[in-house]
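To start, the structure itself, in structure tokens.
What follows draws every value from the coordinates through simple rules; no lab data is involved. Everything numeric in this text was worked out from a predicted model, so none of it was measured. With ideal geometry, Cβ positions are generated from the backbone for all residues, glycine too; neighbour counts draw on all protein chains shown.
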Amino acid sequence: MKKAIRFIDLFAGLGGMRLGLERACLELNLKVECVFTSEIKPNAVRTYQENFPNSKVWGDIRIIPSEEIPDFHLLLAGFPCQAFSTAGMRQGFADTRGTLFFEVERILRDKQPDGFILENVAGLVTNNKGETLKTILHILKNLGYFVTCEVLNALDFGVPQDRKRIYIVGMRSHSLSLKDIPTSKPVPLSHILETGKPTLKSEFIDKLLSHYSMEELAGKSIKDKRGGKNNIHSWDIDLRGKTNATQKQLLNLLLKERRKKKWAKLKGIKWMDGMPLTLEEITSFFAPEHLFEFEDLRTLLDDLVAKNYLAFEHPKDEVEVLNNNNQKVKKRLARMDLPKGYNLVTGKLSFEISKILDPNEFAPTLVATDMERLAVIDGEGLRKLTIREGLKLFGFCDRYQIDLPEKKAFDLLGNTVVVSVMEKISDRLLRTKHL
């Protein structure tokens with residue numbers, strides 16, 4: 001056995017891949033040494049160096065020559081997935097120029113390490129009808145590696161988060177299977193939640209708490225874009241103004257009707273997820289008994305527009321336009337030649353919080369754009385996730401610290417690798433054959 005397993009950590013982020021490998025080595029009593037790290041986000045670099053003292057973090061891997069990277073045994077990379085060109089695939093190769101995977105390919109080719117572990121979003125499996133993943137695997141195999149890949153869910157590795165990611169592993173000396181890796185029973189969020197933390201105080205929160213009990217709020221999403229029993233809409237809590245029962249009924253119907261493809265066909269436009277409907281179209285499915293007059297319905301709708309529950313707008317259609325580079329691109333533009341209609345005012349990040357997590361369940365896939373909009377129940381109030389809870393949702397140990405404001409911390413966490421999953425993969429690799 002070599003004196004120490006030497007590895008490099010590319011697109012390192014918070015160092016989740018490194019921690020997983022180091023934990024596995026510790027359990028197997030193997031020495032391990034990180035000999036090179038690359039990351040470009042300043043907050044990630046700062047946090048990485050605070051948790052891995054004396055680590056030099058190199059910058060943009062694209063401008064670092066391979067010869068400046070020390071020799072190593074394992075390459076770790078949670079590489080960003082950009083658009084891939086599969087030009088030339090019919091000739092048995094793929095053009096990866098211009099993508100960050102090219103840097104992984106370059107370093108593997110130039111340094112010839114014993115193996116690698118790569119991580120990416122599960123959508124890589126279906127990206128470009130599977131051609132992107134096919135390209136990646138083809139390149140890695142052509143570099144002389146036995147390659148395997150598997151989509152694994154963090155939920156099966158002791159972390160209360162439904163987070164599926166693809167892991168690609170390659171070894172030069174032997175094949176390796178990621179199937180049947182020992183898993184554990186999913187644990188609920190209550191296992192990682194803290195208590196007694198300051199709760200949120202705002203008009204929005206007051207309205208939520210005045211309309212629903214804590215038991216009713218658990219697991220609910222706050223959004224106006226979809227229906228469903230697990231959604232709370234702005235009109236359910238009269239957030240933008242008082243609505244009567246008839247208006248609530250209408251808004252709930254519009255949620256579903258505005259998505260039906262028949263309206264796009266009638267308007268002669270390309271279907272989109274939510275189209276404005278005219279007064280005449282609305283009367284075809286909404287005619288409550290006490291609204292006999294056409295004008296009454298118009299008044300009801302215009303009141304909802306005034307309160308910003310609805311917008312009165314022209315339908316949009318997909319058209320080709322020229323961008324700044326004189327290239328044709330598809331955009332959605334208003335069809336001024338079509339009559340205006342009533343449409344819901346929606347937006348994924350419209351509200352102070354987007355979802356209230358159920359302590360008896362588990363978190364959805366956490367992403368940087370909405371982690372700070374998740375809430376949990378704490379006593380008789382609601383609060384945001386703490387940074388410590390965020391770290392636990394990715395399998396980080398209590399010693400790991402992020403000394404950043406919550407928004408910046410969650411931006412980093414939403415893009416990190418789950419440590420416990422990486423630990424099990426590393427353990428499988430190391431037990432199969434010591435490097």
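Tabulated results
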quantity	calculated
For Val169, Val45, order by how many other beta-carbon atoms lie within 10 Å, fewest first	Val45, Val169
Cross-link pairs Lys141/Lys424; Lys207/Lys407; Lys267/Lys307; Lys197/Lys407; Lys225/Lys355; Lys223/Lys267 - those with Cα-Cα distance over 19 Å	Lys141/Lys424; Lys207/Lys407; Lys267/Lys307; Lys223/Lys267
Principal axes of region 224-344: Cα extent on each, largest first, Å	53, 30, 24
Under Karplus coefficients 6.51, -1.76 and 1.60, residue-wise ³J(HN,Hα) of region 50-65 in Hz, glycine/proline x	5, 8, 10, x, 6, 7, 8, 10, 6, x, 4, 5, 5, 10, 9, x
Alpha-carbon centroids, region 327-372 and region 178-207: separation in whole Å	23 Å
Full-extension gain in nm, Ser190 to Asn142, via 0.36 nm per residue minus C-alpha separation	12.6 nm
Ellipsoid semi-axes in whole angstrom, largest first, where each is sqrt(5λ) of the Cα gyration tensor of the chain	48, 29, 18
Where a label projected 7 Å from the Cα of Val125 along Cα→Cβ would reach, residues of region 155-176 with amide N under 16 Å	155-157, 162-169
Antiparallel content of DSSP bridges confined to the chain, in %, to 5	60 percent
Kirkwood Rh and Cα Rg combined as Rg/Rh, region 357-399	0.95
Inter-site label distance for Ala334 and Asp110 at 7 Å from Cα along Cβ, in nm	5.3 nm
Principal-axis tilt of helix 101-111 within the chain, Cα atoms, nearest 10 degrees	0 degrees
Sum of side-chain charges, Lys164 neighbourhood, beta-carbon under 12 Å (Lys, Arg +1; Asp, Glu -1)	-2
Highest-fluctuation residue, Thr369, Thr132, Thr246 considered, GNM on the chain with Cα pairs under 10 Å	Thr246
Per-residue ³J(HN,Hα) for region 351-357, Karplus 6.51 cos²θ - 1.76 cosθ + 1.60, θ = phi - 60°, Hz, x for Gly and Pro	10, 4, 10, 9, 7, 10, 6
Helix-only CD estimate at 222 nm, as mean residue ellipticity for the chain, using -39500 (n - 2.57) per DSSP H run (n ≥ 4)	-8000 deg cm²/dmol
Net charge dipole size for region 224-344 [Lys, Arg +1 and Asp, Glu -1 on Cβ; Debye, nearest 20]	820 debye
Modelled label reach - Asn308, point 7 Å along Cα→Cβ, region 232-258 residues with backbone N closer than 18 Å	233-243
Farthest toward positive dipole pole in region 176-311 [+1 Lys/Arg, -1 Asp/Glu at C-beta], among Leu178, Leu277, Leu254	Leu178
Among Leu366, Leu255, Leu189: highest mean-square fluctuation, GNM of the chain, C-alpha pairs under 10 Å	Leu255
Mean separation of Cα contacts under 8 Å, 6 or more apart, over the residue count of region 224-344: relative contact order %	27 percent
Amide H contacts of Leu374 (H built 1.01 Å from N, under 5 Å, at least 5 apart or other chain)	Ser354, Leu385
